[in-house]
Amino acid sequence: MSCRCGLIPEEGKMGNATVHIDEKTIEKGSSLGRDAWFRLRKNRFAMFSLWFFIGIVALCFILPFFPGIADPNNTHPDLKSLGPFTSADSMEGNRIFYLLGSDHLGRDIFARMLYGGRISLMVGFLATSVSLGIGVIYGALSGFVGGRIDSFLMRIVDILYALPFMIIVIILTTMFGNKLWLLFVCIGAVEWLTMARIVRGLVLSLKNQDFIEAVRSLGLSQWRIIYRHLIPNTLGPVIVYTTLTVPAVMRLEAILSFLGLGVQPPDASWGSLIKEGADRMASDPSLLIFPALIFGLTLFSLNFLGDGLRDALDPQSSRD
Amino acid sequence: MDSIRYILSRIGQSLFALFCIVTITFFIARLTPGGPFLDDKAFPDYIMKQLNAQYGFDKPLPVQYVYYMGRLIQGDMGPSTGNKGFTVNDVIAQSWPVSFILGISGLIIALAIGIPVGVFAAARQNTFIDYSLMGLAMIGICLPTFVIAPLLDEIFAVRLGWFDAAMWEDSSAWILGAVTLGLYYSAYIARLTRGSMLDVLHQDFIRTARSKGISFLKVLFKHAFRGGITPVVAYMGPALAGLIGGSFVVETVFGLPGLGQHFIKAATNRDYWLINGTVIVFASLILAMNFLVDVVQVWLDPRRRKNG
């Protein structure tokens, strides 16, 4: 168990002369990910947001499979617009407990919120992965190839930036019909621009660094350099921006559903639930308040998490 | 001379971008299934043929495209199939002032609230005021327009009766709409301003200025402000694009007869020329904004002047 020279022990251990450095401590390098995780764990807001978000996801995806959660599309014409925490007997004689009350058709608001959350979150995740895929590949290629092709590809991005996103999504969704998977693709297809710009900028600055020169001189293929060495090094900002894309995408979906162009009834998403609530706000405010609250809180947690991740992954950016 | 060349080349680029956008929308709209006359009642075949011939939809697509572009250059955006008897020019002329006033006043409100809040929070960094202002801004970002809009409508128009809900003519309902639009972006701008002001305030020249004994306020506004709002200026382009999206919601909630309403209807009814027309208006607005932003940025930041 002798100290291996040449390896420098971690900084914190230096001051303590009596510390016995065994091999395990030495070999445990401090990777970027581990460092970032430590910094993130110290950020209470971000951690709370992370757990809150995980909780929401778990709630929306797991809870509906439990017995006792009502079918979100089950209507009870006789049990309309009940308040929260009421239970009532339906026409069939079943006793139904409404945790958050019922809507104008006697549907369970809580069940509908879980169900709607599932669609909203799914749109959030899937559309983000579409935009992530397009953006990272496009940006990495553009930055790596460089020269004329790069400026041509970026000019395309500039032009697309001037296109009002909403308009394109609306055209696509109305033209191709209101299929759910199309919503993912459409939103993803318009949300990749910033990602492409970020990745391109990073790749552009990375590719002239020595280690890329080194792997190139080792004879690695272009493609391998891109996906083994360039893309992993862009991960930090990409993760941060991805976290911030999810709420942006969910907002977009909600706006579309609010306008009646996204999720079609009887399916629901948080956006369409908010729309239903907004229409009946005067008579039954809880229809608006609960979906808006959970939607807002989810976006809130994601934005906080994104901020926290930015501080954790890129310590230089937060000078304060 | 350089600046004139720069401006001219930017105008050229914008026009080219507009051309591309028009072309893309034309083909996206025309290549998708469905047609303007398929909607509710099925017409007999011969009427369909006549209708299609009347609007020129029977010709091959490239021919239609050339026709359309030819007319467009002369300023004619074609007939609107969804609004019988109206040309697209009529529809747009009627409704664009609504969208324009809504968008511009929303942008002004966003800037008027966002920048001072951001500067103030940056000046009082890491204090209670900073945290509460930024917390508020975060709430503003997370509560989307379509939640705020019905709430404001309910409170100010229905309950308090300060505004006439769902009326554009002779009423001030658009103020509510503009406030709704502005609030969201003011939150965003406040965060942006705070971040970039902090970036600038931590730079050496600020410390130098302070150490020479210049008061904090003067440093804040004379030295830091100009650099600090550059990202905000750069954000104006995307903000306007977003405002247009938001204005769809606001127009729906407050029943304002703006372009957004027509656009959504046009998209569902396959009113091809109206779709193209609205896209042209929106895209030119955004392009004009981007152009302005670029010019202002060069003016704000002398370092950008060299490479144009």
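Springs between alpha-carbon atoms under 10 Å, Gaussian network over chain B: tell me which of B:Ser95, B:Ser211, B:Ser196 tops the mean-square fluctuations. Residue with maximal mean-square fluctuation among B:Ser95, B:Ser211, B:Ser196: B:Ser211. Residue by residue along B:143-153, Cβ atoms of other protein chains within 10 Å of the local Cβ number 6 on average.
Shape class for the stretch A:183-320, computed from the alpha carbon gyration tensor (a ≥ b ≥ c): prolate, with a/c not under 1.5 and a/b above b/c. Extents of the stretch B:215-308, largest first, come to 59, 33, 13 Å (Cα atoms, principal axes, whole angstrom). Interface area, chains B and A: about 3700 Å² of buried accessible surface, summed, with a 1.4 Å probe and ligands, DNA and RNA left out.
Just check the stretch B:232-278 against the gyration tensor rule for me: Cα atoms, a ≥ b ≥ c as the square roots of the eigenvalues, rounded for a/c under 1.5, and otherwise prolate or oblate depending on whether a/b exceeds b/c. Oblate, because a/c is 1.5 or more while a/b does not exceed b/c. For the stretch A:168-235 versus the stretch B:219-273, the inter-centroid distance based on Cα atoms is 27 Å. When nucleic acids and ligands are ignored and a 1.4 Å probe is applied, A:Trp181 ends up with an accessible area of around 150 Å².
With a 10 Å cut-off around each Cβ of A:267-277, the average count of Cβ atoms from other chains is 1. Each peptide in A:283-290, B:212-219, A:224-231, A:59-66 receives the mean, over its residues, of other Cβ atoms within 10 Å, and ordering these scores from highest gives A:283-290, A:224-231, A:59-66, B:212-219. Two tests apply to each whole DSSP H helix in chain B, Cα reach of 30 Å or more along its axis and mean Kyte-Doolittle hydropathy of at least 0.0, and the ones passing both are B:2-31, B:88-123, B:173-201, B:230-254, B:272-300.
So for the stretch B:55-135, averaging the separation of alpha carbon pairs under 8 Å that are six or more residues apart and normalising by length, what relative contact order in percent results? Taking the mean separation of contacting Cα pairs over the length of the stretch B:55-135, I get 12 percent. My understanding is that a pair violates if its Cα-Cα distance is over 23 Å; which of A:Lys275/B:Lys84; A:Lys179/B:Lys49; B:Lys84/B:Lys265; A:Lys275/B:Lys265; A:Lys179/A:Lys275; A:Lys42/A:Lys207 do that in this structure? Distance filter (> 23 Å) returns A:Lys275/B:Lys84; A:Lys179/B:Lys49; A:Lys42/A:Lys207. The 3J(HN,Hα) values that the Karplus relation (6.51, -1.76, 1.60; θ = phi - 60°) gives for the stretch A:229-235 are, in residue order, 10, 7, 4, x, 6, 9, 4 Hz. Gly and Pro appear as x. Between the stretch A:261-283 and the stretch B:1-30, what is the C-alpha centre distance in whole Å? Using only Cα atoms, the two centres lie 39 Å from each other. Annotation: amide H-H contacts under 5 Å for B:Thr87 (H modelled 1.01 Å from N, sequence separation of 5 or more, or interchain): B:Ser80. Overall shape: oblate for chain B, with the ratio a/c of the largest to smallest alpha carbon gyration tensor axis at 1.5 or above and b/c at least equal to a/b. The charge dipole of chain B, taken about the Cα centre with unit charges on the Cβ atoms of Lys, Arg (+1) and Asp, Glu (-1), comes to about 1460 debye, rounded to the nearest 20. Based on Cα contacts under 8 Å between residues 6+ apart, the stretch B:137-285 shows a relative contact order of 28 percent.
Residue ranking by accessible heavy-atom surface, 1.4 Å probe, largest first, among B:Thr23, B:Thr252, A:Thr298 comes out as B:Thr252, B:Thr23, A:Thr298.
Across the stretch A:234-320, the relative contact order, built from alpha-carbon pairs under 8 Å that are at least six residues apart, equals 33 percent.
The values are calculated or read from the model by the stated rules, or taken from the named source; none is laboratory data. Predicted model only: the values in this text are computed from it and were never measured. Positions of Cβ are backbone-derived with ideal geometry, glycine not excepted, and every protein chain shown enters the neighbour counts. The protein model used for the area step is the full one, side chains on, heavy atoms only, and it has no ligands, DNA or RNA in it. Shrake-Rupley method; radii C 1.70, N 1.55, O 1.52, S 1.80 Å.
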